[in-house]
Amino acid sequence: MKQIAGLLLGLMTLVLVQSCQSNKRANNYNNKALVDDSGLVFLNNGVETSQAIVKASGLAISNSRNQQVIQFAKKMIDDHTQLATDLKKLQADNFVTAEDSINTPHQQIISSLAQKHAAAFDKAYLQEIITEHQQEISLYNAAGKDKSANISDFAQKTLPALNAHLDSAKAISLSLK
């Protein structure tokens, strides 16, 4: 009898310990975002810009003849796909719902790039990447001062990579002239 009682007590302790260690977060029943308006802007614009850069960089692989531009585009695809994934996770963690699409201005730029090839494409693509990264860096600098610790930490952690992308794009652009 003592063995059964001990076994049941051990089993109950195991269940209680397991339930206390669950990494499921509490439900947010009101579905209210856990970030302020500036955090929403950062998350939504960050995802959308990364998706646009990935799409434009995909065109670079097919429309460019310059190996340096193609290698840079592959890096942009890898880095910005990961960045968009990380931003989407941050959105989910903060109960932010967003559209998963590219806005009209970016679609127009991508359409314009799709019609260019070789050297003309390279110049237009790199100029667009430079412009996008300058805007992204401004966005991330502002987000680095956000009230939400997870947003400001993420922005500050990501800024060095964005600055490196900008420097690389400028260097490749200068080498084309």
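Coupling constants for region 148-153 follow from the phi torsions by the Karplus curve (6.51 cos²θ - 1.76 cosθ + 1.60, θ = phi - 60°), and in residue order they are 6, 4, 5, 6, 5, 5 Hz; glycine and proline get x.
Solvent-accessible surface (1.4 Å probe) assigned to Thr131 amounts to roughly 40 Å². Between Gln127 and Val41, the FRET efficiency estimated from the beta carbon spacing at R0 = 25 angstrom works out to 0.50. Phi angles across region 100-105 convert, under the Karplus curve 6.51 cos²θ - 1.76 cosθ + 1.60 with θ = phi - 60°, into 3J(HN,Hα) values of 10, 9, 9, 5, 4, x Hz, Gly and Pro given as x.
List the relative contact order of region 68-177 as a percent without decimals, with contacts defined as Cα pairs under 8 Å and 6+ residues apart.
Values: 49 pairs, mean separation 31.3, N = 110.
Taking the mean separation of contacting Cα pairs over the length of region 68-177, I get 28 percent.
Need the C-alpha centroid separation for region 59-73 versus region 114-177, integer Å. Between the Cα centre of region 59-73 and that of region 114-177, the gap is 17 Å. Scaling against 2.2 N^0.38 Å puts the C-alpha radius of gyration of region 85-177 at 1.28.
Annotation for Gln3 and Ile137: the two label points, set 7 Å from Cα along the Cα-Cβ direction, are 7.3 nm apart.
The values are calculated or read from the model by the stated rules, or taken from the named source; none is laboratory data. Since we're looking at a predicted model, the values are computed, not measured. No Cβ is skipped: glycine too gets one built from the backbone with ideal geometry, and neighbour counts run over all protein chains shown. The accessibility values were calculated without ligands, DNA or RNA, using every heavy atom of the protein model including side chains. Shrake-Rupley method; radii C 1.70, N 1.55, O 1.52, S 1.80 Å.
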